[in-house]
Amino acid sequence: MTDAHRRFLQVLMSKGITEASEARKLHHHCCETDKVYYAKDKLDDFISTINRHLQPLFMQIRKGMSEEDGRPYYAVVNLAETEVTKMASDYTEIELELFRKTMDLIILSENGFASSTDILNLADKLKTKKMKKKEAEQVLKVFVEDKWLSEKKIVLEQCLQAYLGKVHSPNGKHGVLSGFPNQQA
């Protein structure tokens, strides 16, 4: 692994997530700066070299696609769940458990979505500690704000008015959550 690889990894880790076009520019910059051979179409090979060195640390650079716009992104991910990695999180153990259960619910659904009601009902099923529904609602809001989840509001009031006449729900909305940032349903 060259200094160009190390520089690329350091920048990628500092940014957290990088669009593929930015990663290609970064690849070029790192190779140019450290005077290493640059092959325009060899970003995946360049990343594979880094990943071989990250493997003993249970980390990897992974490529994923945005469901919102279809663009590819790169990020460094942790592949191990240990006591040390749990402490490195911004979330408590119970919040992480709710997130994992939410992801399970979304993944097992037929459409890639889970209703906010179904997710709030998970609060009673947590193993580490029970969570009040109000607490779970706050945690879900934080996950949406931090872009771990995306919320799609569906306004039912207008449809109900057209179908049943003047019907008024308490807030006129029901939430649906998706497991991917900025998902548009």
*asked:* Checking the structure you have, find out if any residue of the range 42-58 is of a type in the set (A, V, I, L, M, F, W, C), surrounded by fewer than 16 Cβ atoms within 10 Å (Cβ to Cβ) and part of a loop (DSSP other than H, G, I, E, B).
replied: yes
_For residue 39: the one exception among (1) open to solvent by less than 40 Å² (accessible area, probe 1.4 Å); (2) closer than 28 Å to residue 149 by Cα; (3) not in a helix (DSSP H, G or I)_ = (2)
*Quick one: is residue 140 surrounded by 12 or more Cβ atoms within 10 Å (Cβ to Cβ), modelled with pLDDT of 75 or more, part of a helix (DSSP H, G or I) and of a type outside the set (Phe, Trp, Tyr)?*
yes
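Return the residues of the range 34-49 that are in contact (Cβ under 8 Å) with a residue 24 or more places away in the chain and in contact with a helix residue (DSSP H, G or I) (Cβ under 7 Å, 6 or more places away or on another chain); say none if nothing qualifies.
Filtering the range 34-49 down to residues in contact (Cβ under 8 Å) with a residue 24 or more places away in the chain leaves 34, 36, 46-47, 49.
Matches in the range 34-49: 34, 36, 46, 49.
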*Within the range 20-36, which residues are in contact with a strand residue (DSSP E or B) (Cβ under 7 Å, 6 or more places away or on another chain) and surrounded by fewer than 17 Cβ atoms within 10 Å (Cβ to Cβ)?*
20
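For the range 102-126, what are the residues that are crowded, with 16+ Cβ neighbours inside 10 Å, assigned to a helix (DSSP H, G or I) and either touching a Phe, Trp or Tyr at 6+ places or on another chain (Cβ under 6 Å) or without any contact (Cβ under 8 Å) to a residue 60 or more places away in the chain (or both)?
First, the residues of the range 102-126 that are crowded, with 16+ Cβ neighbours inside 10 Å: 102, 105-106, 113-114, 116, 119-120, 122-123, 126.
Remaining after also requiring assigned to a helix (DSSP H, G or I): 102, 105-106, 116, 119-120, 122-123.
Matches in the range 102-126: 105, 119, 120, 122, 123.
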_Being surrounded by fewer than 16 Cβ atoms within 10 Å (Cβ to Cβ), over 16 Å from the mean Cα position of the chain (by Cα) and closer than 27 Å to residue 146 by Cβ is the filter here; which residues of the range 1-19 pass it?_
10, 11, 14
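The values are calculated or read from the model by the stated rules, or taken from the named source; none is laboratory data. Note that the coordinates shown come from a computational prediction; the quantities given were computed from them, not determined experimentally. Counting neighbours? That spans all protein chains shown, and the Cβs are built from the backbone with ideal geometry, glycine included. We work out accessible area using only protein heavy atoms, side chains counted, and drop any ligands, DNA or RNA first. Shrake-Rupley method; radii C 1.70, N 1.55, O 1.52, S 1.80 Å.
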